[in-house]
Amino acid sequence: MMRQHIAILCDNKPGVLTHVSGLISRRAINIECINAGYTEEADVTRINIVVSVENRWELDQAVNQLAKLIDVIKVVNLDDAPFVSYELAMIKVKSPTPQTREELTNIAQLFNAKIVDVQRRSLVLRLTGREDHIEALLEMLKDYDIIEIARTGQISLSRGEEAVKDM
């Protein structure tokens, strides 16, 4: 399976995300993560999708169909050129003792994670980075009692001066 990063610019209207994700699912393409947010233009939404596909032809067919949707302005496979991709993870960990809190603080420092909340028996770590960086932190935290994890999924931008809308 190939992982591909797709950037979609679309009109900021209700239901567009549903149409986009529905089209991809109907083609039996697995969406590993999907997120949507504002762009530099108030009436345009950017959708970042990471998908798993068997081959490039399968993805190209879906991209061509996505481009035909009325509310879609532009669809770009970011894997065709250099791009930067990051995600955000927040991890709540039990820290019942001062010693545990100190150990978790040291681990956070090693990964440049920030401690964003401290309670008597828990703390919350925030980490931004590549997926492998977040996975490495989670691996280090396996010896501790993780209460919950929230991850944004990857967001990506092409490198250089050219914007997706101009690609």
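Values computed for the structure shown
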| read-out | value |
| --- | --- |
| Accessible area of segment 84-155 divided out per residue, in Å², using a probe of 1.4 angstrom | 63 Å² |
| Environment charge at ARG120 (Cβ cut-off 13 Å; Lys +1, Arg +1, Asp -1, Glu -1) | +2 |
| Partner lysines for LYS74 [C-alpha distance under 23 Å; skip if fewer than 8 residues away on the same chain] | LYS13, LYS165 |
| Reported label for calculated volume of the Cα convex hull per residue in Å³ given (1) 139; (2) 102; (3) 91 | (1) |
| Cα centroid separation - segment 18-73 against segment 95-137, whole Å | 34 Å |
| Estimated dipole of the chain in Debye, rounded to 20 [Cβ of Lys and Arg +1, of Asp and Glu -1, Cα centre] | 500 debye |
| In order through segment 55-69: 3J(HN,Hα) via Karplus (6.51 cos²θ - 1.76 cosθ + 1.60), integer Hz, x for Gly, Pro | 8, 5, 4, 4, 5, 4, 4, 5, 4, 4, 5, 4, 5, 7, 5 |
| Net dipole in debye of segment 84-155 [+1 Lys, Arg Cβ; -1 Asp, Glu Cβ; about Cα centre; nearest 20] | 320 debye |
| Rel. contact order, % - alpha carbon contacts under 8 angstrom, at least six apart, the chain | 27 percent |
| Sites GLN109 and THR152, calculated FRET efficiency, Cβ-Cβ separation with R0 22 Å, nearest 0.05 | 0.50 |
| Charge dipole (the chain, unit charges on Cβ, about Cα centre) - positive-most of LEU141, LEU17, THR100 | THR100 |
| Charged-residue dipole, Cβ positions (Lys, Arg, Asp, Glu), segment 2-80 about Cα centre, Debye nearest 20 | 220 debye |
| Accessible surface of segment 84-155 [probe 1.4 Å, protein heavy atoms]: carbon and sulfur percent | 50 percent |
| Helical contribution to [θ] at 222 nm, DSSP H n ≥ 4, -39,500 (n - 2.57), averaged over the chain, rounded to 500 | -8500 deg cm²/dmol |
| Computed log₁₀ I(q)/I(0) - Debye formula, equal Cα scatterers, no solvent, segment 84-155, q 0.15, 0.22 Å⁻¹ | -0.43, -0.90 |
| Set of lysines near LYS142 by C-alpha distance (under 16 Å), chain-local residues within fewer than 8 positions excluded | LYS92, LYS94 |
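The values are calculated or read from the model by the stated rules, or taken from the named source; none is laboratory data. Please read all numbers here as calculations on a predicted model, not as lab measurements. Methodologically, a virtual Cβ is constructed for each residue, glycine included, from the backbone with ideal geometry; neighbour enumeration extends over all protein chains shown. Each accessible area value is taken on the protein alone, full model and side chains, heavy atoms only, with ligands, DNA and RNA left out. Shrake-Rupley method; radii C 1.70, N 1.55, O 1.52, S 1.80 Å.
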